[in-house]
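Colleague: Starting off with a structure, shown below.
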Amino acid sequence: MEQVIDIISWICLLGGALVVLIGGIGLVRFPDLFTRIHAASLADSGGAILVIVGCMLQAGLTLAGVKLAAILLFLLFTSPTAGYALAHSAITAKDDGLDVDIESD
Amino acid sequence: MFLGASLAILVTMCLAILRAVLGPSVYDRILAANMFGTKTVLFLAVLSFLSGRPDFLDLALAYALINFVSVIAVLQFVERRARNRAKEDQASDAVKGGAQ
């Protein structure tokens, strides 16, 4: 049973690391701001869930596991909110014709 | 396993710094800073298991909250500054138009 949990947690950790890495590459290589927001927020949500669930499986029902659950809860509230605020701010600035060079590269 | 995950997260943090340095607009830089903060939280969580010190989880928890508040504050600041600049430009254009 312990080995099964170990294997599941390794799969979660490595999958999360892969998602995070792909998000980082997307953040550097995508052509404009909104595609970059897409890459970064996918990596933020999916990568955070996978990595923290992997750690939680290692921690079990301890204080560390509860802290990890709290971190996951905060991240799941804050990172979509920050992504939405950023995209909203950028698109209103663009619509009002303020001088931000969003369409470049 | 923890080592591999922490290395991948470190590489991603480097990529986020690269985007923050390259980023053509200020929003790209804010996005990169936000991503760097989230990855720091994950890195601290993994590091606490890698080094066997669960104290790091408290730091990760605090970092998650501070990161969100700072991103929202910087966004507010940038938005207000851009709006004030546009307003000043309009005002100076109006003054010039009246003088001619």
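Colleague: Can you pull the mean other chain C-beta count within 10 Å for peptide A:55-68?
Modeller: Rounded to a whole number, the mean comes out at 3.
Colleague: Where a ≥ b ≥ c are the square roots of the eigenvalues of the C-alpha gyration tensor, would you call the range A:2-95 rounded, which needs a/c under 1.5, or, failing that, prolate if a/b is larger than b/c, or oblate?
Modeller: In terms of gyration-tensor shape, oblate.
Colleague: Taking the alpha-carbon centroid of each part, what is the distance from the range A:45-70 to the range B:40-87 in angstrom?
Modeller: The range A:45-70 and the range B:40-87 have Cα centres separated by 19 Å.
Colleague: Order these by the 10 Å Cβ neighbour count, fewest first: B:F56, B:F77.
Modeller: Ranked by crowding around the Cβ, least crowded first: B:F77, B:F56.
Colleague: Could you please rank A:M1, B:M35, B:M13, placing first whichever residue has the fewest other Cβ atoms within 10 Å of its Cβ?
Modeller: A:M1, B:M13, B:M35
Colleague: Applying the Karplus parametrisation 6.51 cos²θ - 1.76 cosθ + 1.60 with θ = phi - 60° to the phi angles of the range B:58-73, what ³J(HN,Hα) value in whole Hz is obtained for each residue in order, glycine and proline being reported as x?
Modeller: Computed from phi, the couplings for the range B:58-73 are 5, 4, 4, 4, 5, 5, 4, 5, 5, 4, 4, 4, 5, 5, 5, 5 Hz.
Colleague: Let me ask another. Separation between the A:E2 and B:R80 pseudo-spin-labels, each 7 Å from Cα along Cα→Cβ, expressed in nm?
Modeller: Spacing of the two 7 Å Cα→Cβ label points: 5.6 nm.
Colleague: Where does each of B:Y27, B:Y63 land when they are ranked from fewest to most other beta-carbon atoms within 10 angstrom?
Modeller: Starting with the residue having the fewest Cβ neighbours, the order is B:Y63, B:Y27.
Colleague: Stokes-Einstein at 10 °C, 1.306 mPa s, Kirkwood radius from Cα pairs: D for chain B in µm² s⁻¹?
Modeller: Answer from the Stokes-Einstein relation: 99 µm²/s.
Colleague: Any chance you could list the semi-axes, whole Å, largest first, of the equivalent ellipsoid that the Cα gyration tensor gives for the protein assembly as shown, using √(5λ)?
Modeller: 40, 16, 12
Colleague: Can you compute the FRET efficiency between B:E88 and A:L18 using 1/(1 + (r/R0)^6), with r the Cβ-Cβ distance and R0 = 41 Å? Round to the nearest 0.05.
Modeller: Efficiency, rounded to the nearest 0.05: 0.30.
Bear in mind that the values in this text are calculations on the coordinates, not laboratory data. Given the structure is predicted, the values throughout are model-derived calculations rather than measurements. As a convention, Cβ positions derive from the backbone with ideal geometry for all residues, glycine included, and neighbour counts pool all protein chains shown.
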